[in-house]
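Heads up: the structure comes next, in C-alpha cells.
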Amino acid sequence: MMPDSLDSNETGKETRTLAGADEQPGDEYDELRLRLSQAVRKVCPRWLADESDDLVQKALMRLMKQRKKSEGNGKYGSSYLWRVAYSVMVDEIRARRRRGEVPLEDQVESSRLAGHVANPERASRSREIGGAIRDCMLSLVTPRRLAVTLYLQEHTVPEIGELLGWDSKRAENLVYRGLDNLRKCLTSKGLNQ
Amino acid sequence: MKSQENENDVRRWREAFASLALDARPAEGCPDPERIWMAVRVELSPGEVRELVDHTAVCPVCAEAWRLARELTAEASPAGEVHGALIERSAKSRRTAWRWGSMIAAAAVIMLVTVLSIQFDESPVNLPGTPGFGTPQYREGSEADIRPLSPADRPLPRDRFQLKWSSGPSGTRYQLQLATADLVVVLQAHGLEEPSYLVDEKTLQPFPSGTRFIWQVEAAYADGTRRTSDTFVSVLK
C-alpha cells in the first residue's frame, strides 16, 4: 500500500489517498467475492439464505476495513474468510433476534428443534424445561456449570477438558456431578418426568 | 451417563437448552462473535474460555452462536478448510498457541480500538467488555437506505468521475471510501456535506481504462446515529 498523501476535491474537504500507483485489481475482487460467498453459504442458516448477498457485501466491507489498517497483501486464508463470514452472520442473527424478526417456523433446519413446529405441545414443554435448566445452572458451582454448559452444547468430555484447561479425569468428574445436580434440581421442579 | 435413561435425559435437556434461542433476545454484554469463534477453536486461554462459556450458560443467543461455531469447526476440520485445532493439536501445542493467540488478540484489540476511535470519531466507541464492543452504533430502519445515483451501466469519464448517492436529511455528513476491486483503498473523504464526490483526475491517473472501483458511503446523521451503505461498483472509462 502506498504512503498516505493528501488530495482535495470540489468540496474543499480533506481527503486521504491511501493507495494507487501500480496496484491493479485484476480479477481478485471476483475471486474474493466468490470465496466469501462460499463461506457465507456454508455458515448461513436456511432462514437467512435470502440475505446471503447482503451478508457477502458486509463481509467484503469488513475485509476492506481490515485491509486498510493492516497494509496486508490482500491474500486471505480460508480460515480467516470463514471467521469473517461467521462473524457477520452472528451479528446479523443477533440484530434480527433483537428486533424479533425470526419466525419460529423458519428455524426448523436444526434437526434438534424440528419437532417444535410439528408438535407445539412438545415445544412448549421443551422451553419450560429449558428455562428450568437455565435457572438450575445458576445454582451450580461455577466449574460444574461450565462443564454442564459445554456438555449440553454437545462437546465431549475430552473437548471440555481441553477448552477449560482441565485434565480428562477432572472434566469427567465435573460433568458427571454437574449433570447429577441438574437432574436433582429439575426433579425438584417436577420437570424430570 | 451410561444408561439409556440417562442418555434420553441428556438428549431432552440438549433440545430444551437449544430451544431457548428460538425466541431469545441478545443479553447485555454479549461478546464479539470472533471471540466465540476463537474460543471454540481453542485459540483463547482457559480463563477466557471459561468467561465466555459462563455467559453462554445464561445467554441463549450466544449459546446458539457457540453451537454454530462448533458445527462449522467440526464440519470443516477433516478437509482442512478451517484449522481443526480442536481435534488434532496436542494439549501442549494448544497452550502455546493460545499464549501466542492471546498476545495477538490483545494487540488486535488495541489496534481495533485505535482504528475505531479514528474512523468513528463522531460516534461513541464501545470499549472491550461493554455491550456492543467492536460494533459502531448505527441507526436501524428510520432512514432510507443509501442508494447509488451514479450510472452503474456505463463507465465514468476520467475527468468527471463523480460518485453520487441518495441524500439524507438536512445536516447529514458523509464519509466515502473508494477502493480497487482487490480492496486496496484508493481514498477516503470525510466530512462531506453533499451526497456526491468528484474523484480527482490525478488520483485516477495510475489506473487504466476499465478499472472497476468499489465504493461505500457512511452517513452521519444530525442526531449522532450512522448508517453504512452497501458497496457499489463504478468503472473508469
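The condition of being of a type in the set (Asp, Glu), modelled with pLDDT of 70 or more and not in a helix (DSSP H, G or I) holds for only one of A:GLU92, A:GLU23, A:GLU101, A:GLU51, that being A:GLU101.
Can we say A:GLU159 is in contact with a helix residue (DSSP H, G or I) (Cβ under 8 Å, 6 or more places away or on another chain) and at pLDDT 90 or above?
On the way: in contact with a helix residue (DSSP H, G or I) (Cβ under 8 Å, 6 or more places away or on another chain): yes; at pLDDT 90 or above: yes.
Answer is yes for this residue.
One residue alone among B:GLY47, B:GLY29 is of a type in the set (Gly, Ala, Ser), surrounded by fewer than 17 Cβ atoms within 10 Å (Cβ to Cβ) and at pLDDT 85 or above, and that residue is B:GLY47.
Just to verify a result, which residue in the stretch B:133-145, among those that are of a type in the set (Gly, Ala, Ser) and surrounded by fewer than 17 Cβ atoms within 10 Å (Cβ to Cβ), is modelled with the highest pLDDT? Result: B:ALA144.
Filter the stretch B:50-63 for residues that are at the interface with chain A (Cβ under 7 Å from one of its Cβ atoms) and within 22 Å of the chain's Cα centre (by Cα); which is farthest from B:PRO26 (Cα to Cα)?
B:VAL53
Scanning the stretch B:183-225 for residues that are part of a strand (DSSP E or B) and buried (at least 19 other Cβ atoms within 10 Å of the Cβ) yields a total of 15. Of note, A:LEU179 does not satisfy the criterion of being in contact (Cβ under 8 Å) with a residue 12 or more places away in the chain, on the phi < 0 side of the Ramachandran plot and within 22 Å of the chain's Cα centre (by Cα). Taking the criterion of being within 11 Å of another protein chain (Cβ to nearest Cβ), more than 22 Å from A:LEU55 (Cβ to Cβ) and surrounded by 15 or more Cβ atoms within 10 Å (Cβ to Cβ), would at least one residue in the stretch B:146-160 satisfy it? No, that holds for no residue.
Condition check ((1) surrounded by 21 or more Cβ atoms within 10 Å (Cβ to Cβ); (2) touching a residue at least 24 places away in the same chain (Cβ under 8 Å)) across all residues:
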{"position": "A:SER139", "(1), (2)": "no, yes"}
{"position": "A:ALA147", "(1), (2)": "yes, yes"}
{"position": "A:GLY161", "(1), (2)": "yes, no"}
{"position": "A:ARG170", "(1), (2)": "no, no"}
{"position": "A:ASN173", "(1), (2)": "no, no"}
{"position": "A:THR187", "(1), (2)": "no, no"}
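The values are calculated or read from the model by the stated rules, or taken from the named source; none is laboratory data. These figures come from a predicted structure and were not determined experimentally. Here Cβ is always computed from backbone atoms with ideal geometry, including for glycine, and neighbour counts include all displayed protein chains.
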